[in-house]
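Q: Got a structure for you, questions after.
No value in this document is a laboratory result; all are computed from the given coordinates. As the structure is a computational prediction, the values presented were derived from the model and not from experiment. No Cβ is skipped: glycine too gets one built from the backbone with ideal geometry, and neighbour counts run over all protein chains shown.
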Amino acid sequence: MAPSPFLAAVRAARSETRALPPLARGLDRTAVWLDGVWARHRMRSEIWMARAERVAHEARTLETLADDDLDARLALLRADQQSARPTSAGVTETAVATLGEALRRTLGFALHDVQWAAALALDAGALVELATGEGKTLSAGLVAALHGLAGRGCHVVTVNDYLATRDAGNLRPFYERCGLTVAAVVAASPPPERRRAHAADVTYGTARELAADHLRDRLRGAPSSVAALASGALRGEAPPPRMLAGRYSAIVDEADSVLIDDAVTPLLISEPDHAGPSAAELERADRIARAVGPTASPNPAGLSNTARSEVVRALEADGVREANQRRGLAQVETALRARRLERDVHYVVQDGAIVIVDEATGRTMPDRSWRHGLHEAVAVKEGLSPSGAGETRARISFQRFFRGYGRLCGLTGTAHEVRAELYEVYGLPVTRLRTHRPVRRTQGPTRVRRPLDAARTLLEEVKSLHATGRPVLIGTRSVRASEAVSRALREAGIAHEVLNARDDAREAEIVAGAGQPGAVTVATNMAGRGTDIPLGPGVAERGGLAVVATASHASPRVDRQLAGRAGRQGDPGSSSTVMSSDDDLFREGLIAPLAAAVAGLARARGGPAGRCLRGLVRLAQARVSSRARGVRRALLRSEEQREVALSFAPDP
């Protein structure tokens, strides 16, 4: 029987118990860093592997257990979890072994030691770095069942709706065997379906959908504490219905992408803003921006004095009075920012609308838009009808949203580079687990060539690999780059598939076929694709999948994600990089003299010049990553300060 609205609201309020302190400053940051080092030491890999051996042994002893006896153990485990009493390590190991045996009987998968270790580390509140292809989905499902048995709900956060639906469906027999309900929340879910999904013991969904439902609850005035509920009950007030049934537990898949790369992405709920710029104002701003663009474009921080004077003259000529010129100037600055965004790099045009492309994943984000009139300005630049601007009614960043969970853990293939930030912001110690089988992937060097030489070198390498029958995966940074590579391959007569933001619908099909003999696949990014690349017949004997990157990303983690597609589960494979000396990374991450020196060094190629170029790549990545880290920290601090200034409740 479903609980009453009041009891459901109490359950939701009790679930939100985590109160992380504000970000530390000064010497306190050093103390937090040292605490993180100690936390990672206490959760080092060998500890989990030793415990995993004990769990695996206990799970083997359960294989002869009758089904009725296993069901009785699961029922007892549910009672123990719902009692909310602390459990010893031994009890947790027994619980994990019992759930693992239920998983084996329902799905037919026997977990290996690394998967057991990942489950134990997740339950302890760690962020587990587990190589691509090691079976993160099953480890996450095991812990989701363990947390779901507590009766407060567990969220499994995926990077897209497809994975949420797929994983919830695939693991449903296991959850039902454990006496649990499971559901998925996707963008198309109507409100009644969302409420049913959030009422399930285990709910799969993207960070965006979960955070959006949290904001909708806040807009409805749903109380966020038991005290507020009790006060309302004494006054005879019924609690408003909640969409999100609390934030007791979250298991974040591709955690570095969600918690780091998307950390500053604001989740907004808007309503039409009738005070926003009209279509005529947007078109006027775009026209003036085109005229002053050469003067203003070198100064991304705003209009130069010369450009400002030119804009004022243009506004006056257009009949704009002095009182409205400040508004006109702001609109022109927005139009100039729009002109710096590149089509097929930062966005694509689909069905007559501007759709943002996520650089970290290469996917389109049709449910997101730029703020402060920028989205409308980009539409006008492309000759499209602008959508109406919205007035923000509620907003939250993913950083603030996930800091509010009572229990938080996650998995990813690449977290080591951001381990200090993950502990400082989320209190998550990173533990790196070894692979189940030895890695046989060979790592080639990063080669920097002049633009024409880079294209020629890439094509020659692909031809050479293709001639051997090995499948080749070519990684690019943008839609435009993927299509340029595709044109070169067509001209060379090499059949291939292209996976970019224009063809998300065939993602699983393209990725699954990328390991067949002689297959050539061009992809914008492989982060969080969630689909294995199985090797076709005879491919392992030829050397396995060959990954060739055409650029180094701003974050080394993304480079590792791409390389990790080869050599999965002990398969052979190789990875290499061929990038151009005019790559955006050098312009964004190096000071002008060093960026200019890259082209000269690229002519010399190998030897000391090659080592110097690889050093400049690492320097550029470090500088860009440092700036991004500063932006994330500044946003979180500003959110904390705004809550204090407006007397918001501590929990967002």
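Q: Divide the volume of the convex hull of the Cα atoms of the stretch 379-482 by its number of residues and quote the answer in cubic angstrom per residue.
A: It comes to 250 Å³ per residue, whole-number rounded.
Q: Whose amide H sits under 5 Å from the amide H of residue 267, counting only residues 5 or more places off or on another chain, with H placed in the peptide plane?
A: Amide H to amide H, under 5 Å and 5 or more residues apart or across chains, residue 267 pairs with 396, 397, 398.
Q: Of 472, 548, 489, which is farthest on the positive side of the dipole of the stretch 440-580, counting Cα position, with +1 on Lys and Arg Cβ, -1 on Asp and Glu Cβ, and the Cα centre as origin?
A: Of the listed residues, the answer is 548.
Q: Between residue 428 and residues 5 or more places away or on another chain, which pairs have amide H atoms under 5 Å apart, with H built 1.01 Å from N, and which residues are they?
A: Counting only residues 5 or more places away or on other chains, the set is 423.
Q: Going by how many other beta carbons lie within 10 Å of each one, how would you line up 423, 347, fewest first?
A: Starting with the residue having the fewest Cβ neighbours, the order is 423, 347.
Q: With each pseudo-label sitting 7 Å past Cα toward Cβ, what's the residue 57-residue 443 distance in nm, one decimal?
A: Taking the simple label geometry, residue 57 and residue 443 are separated by 3.5 nm.
Q: Also: Report Rg (one decimal) and Dmax (nearest whole number) for the stretch 440-580, counting Cα atoms only, units Å.
A: 13.5, 37
Q: A further question follows. Can you tell me the FRET efficiency between residue 349 and residue 67 if r is taken as the Cβ-Cβ distance and R0 is 56 Å, rounded to the nearest 0.05?
A: Computed FRET efficiency for residue 349 and residue 67 comes out at 0.50.
Q: Where does the stretch 29-134 land on the Kirkwood hydrodynamic radius, alpha-carbon pairs, in angstrom? Intermediate results must be reported in sequence, preceding the final value.
A: Values: mean 1/r = 0.0659 Å⁻¹.
For the stretch 29-134, inverting the mean 1/r across all distinct Cα pairs yields 15.2 Å.
Q: Return 612, 178 ranked ascending by Cβ neighbour count within 10 Å, so the fewest neighbours appear first.
A: By the 10 Å Cβ count, ascending, the order reads 612, 178.
Q: Work out the FRET efficiency for residue 342 and residue 385 from their Cβ-Cβ distance, taking R0 = 22 Å, and round it to the nearest 0.05.
A: 0.55
Q: Just how far, in whole angstrom, is the stretch 127-182 from the stretch 26-67 if you go by their alpha carbon centroids?
A: Using only Cα atoms, the two centres lie 19 Å from each other.
Q: Treating each Cα of the stretch 538-624 as an identical point scatterer and ignoring solvent, apply the Debye formula and state log10 I(q)/I(0) at q = 0.18, 0.19 Å⁻¹.
A: Treating every Cα as an identical point scatterer, log10 I(q)/I(0) equals -0.79, -0.85.
Q: Quick one: if you stick a label point 7 Å off each Cα along the C-beta vector at residue 20 and residue 619, how many nm between them?
A: Distance between label points: 3.3 nm.
Q: Using a Förster distance of 35 angstrom, determine the FRET efficiency expected from the C-beta separation of residue 371 and residue 325, and round it to 0.05.
A: It comes out at approximately 0.95.
Q: Per the Kirkwood formula on distinct C-alpha pairs, the Rh of the stretch 413-456 is how many angstrom?
A: 14.3
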